[in-house]
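A short write-up of the structure that comes next.
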Amino acid sequence: MDGFLLSRSERTLRTTGTRDRFDTVAAAAAALADGRADLVVGALPFDPSAPTALVAPVTVSWTDGPWRPGTVAPLPRVTIAGEVPGLDEHTARVRRLVDRLRGGEFDKVVAARAVRLAADAPIDPEALAARMIGRHASANGFAVDLTAAGESYRGHTLVGASPEILLSRRGDVVTCRPLAGSAPRRAEPDADRAEGAGLLASAKNLAEHAYVVDWIRDVLAPLCSDLDVPATPELTRTGELWHLASPIRGRLLDASVTSLDLARRLHPTPAVCGTPTDRALTAILDVEGDRRFYGGAVGWCDAAGDGDWVVAIRCAEIDADGTSALAWAGGGIVAASDPGTELEETTTKLGTLLGALGVDAHAADPAGDTLTRISRTHE
């Protein structure tokens, strides 16, 4: 895929081609500032020190509403080829992180795992994006060519449907809607409502959410006037999960601060990394290694500074020939976290992407001692 797609409920941006590539935020910002680019699109990696995948596109198309292509290529048969790390190792990692949290090393850290996917034929990134957007109408669907990040990403595409807005900027108005704290949806309506109510009353999840909101407030406070941060979060939901969300709004004191500048300051939030950020980031890179673009940000910024950036979650990176992919999911860990529950949360989150491919991410282990042995089903 040689292009960029970001589908939001109110409108869709689709671009093709590359006039210029930028592997740093600074280079992209300079091109916008001096007129060499009137629009920059792409993705920021999880690790802020890694190369970005930002480009100035050749063609740009805006349409109202979410992306609804006229025809969509069929998706091939996909199977689980492996787990990174294995389920037992992920649980052990969470247990060790909880010990470090209880020792005061940090307040929150996000633990992630991935599954390797193998396809019988190439996966069309746009077809997968269309399927995810169709299944998750309120999500922010995206497909991003990662080639600009360097040779190891040539021809790779990041595809997902994120429920989380990192930020939007329109004129001097900045809005954010962080998500942190989650609970699974239930099939029976009364049980589902009870699950949501329990999340809203959960001390563990409220504390996890507060770390994210407090951090965003600290970043935006010097940049904004009339900063409105709700005292308590609200409930929001996807097909798989209840989330705690906090809509945040402020007015920029300096109109020269662009959406790209804000994305650089806000990313990675404690929702995908942890707090304090530097300690959590160091721990993640040490324990997990490179997350690549999972947990990064996908979006656009124009010459006026306006733009939208979404958190790169519920996603997979498809390789250049389209026959293999890596899909990630993570969960926020605090001192009160239970390793088994955290493992189950990552499996539920993987369902957003795997379900679009006809893969069941939530089959129970026959022995009953692991909730997330993964098997394949057909839609």
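Since every read-out is calculated from the coordinates, none of them should be taken as a lab result. Remember, predicted model here, so these are calculated numbers, not experimental data. Counting neighbours? That spans all protein chains shown, and the Cβs are built from the backbone with ideal geometry, glycine included.
Here are the numbers for the structure shown:
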{"item": "Exposure proxy ranking, count of Cβ atoms within 10 Å, fewest first, for L199, L39, L158", "result": "L39, L199, L158"}
{"item": "Long-range amide H partners of V72 with built H, under 5 Å", "result": "none"}
{"item": "L166 long-range amide H proximity, modeled H, under 5 Å", "result": "W309, V310, V311"}
{"item": "Region 144-158-region 292-356 distance, computed between alpha-carbon centres (Å)", "result": "17"}
{"item": "Potential extension, E234-A203 segment - 0.36 nm per residue separation minus Cα distance", "result": "9.7 nm"}
{"item": "Length-normalised contact order for region 155-307 - Cα pairs under 8 Å, 6+ apart - percent", "result": "29"}
{"item": "Student exercise, the chain dipole from Lys, Arg, Asp, Glu Cβ charges, in Debye to nearest 20", "result": "300"}
{"item": "Region 148-227, relative contact order [Cα under 8 Å, separation at least 6], %", "result": "19"}
{"item": "Mean Cα-pair separation over length for region 3-376, i.e. relative contact order, pairs under 8 Å, 6 or more apart, %", "result": "24"}
{"item": "Calculated [θ] (222 nm, deg cm²/dmol) that DSSP helices of n ≥ 4 give over the chain, each run adding -39,500 (n - 2.57)", "result": "-8500 deg cm²/dmol"}
{"item": "Gap separating the Cα centres of region 193-253 and region 42-110, nearest whole Å", "result": "21"}
{"item": "Ranking of T52, T16 by count of other Cβ atoms within 10 Å, fewest first", "result": "T16, T52"}
{"item": "Selected from L97, L166, L75 as most flexible by GNM, with the chain as the system and alpha-carbon contacts under 10 Å", "result": "L75"}
{"item": "The chain, Cα convex hull volume normalised per residue, Å³", "result": "132"}
{"item": "Per-residue HN-Hα couplings for region 310-316 [Karplus 6.51, -1.76, 1.60; θ = phi - 60°; Hz; x = Gly/Pro]", "result": "10, 6, 7, 10, 6, 9, 9"}
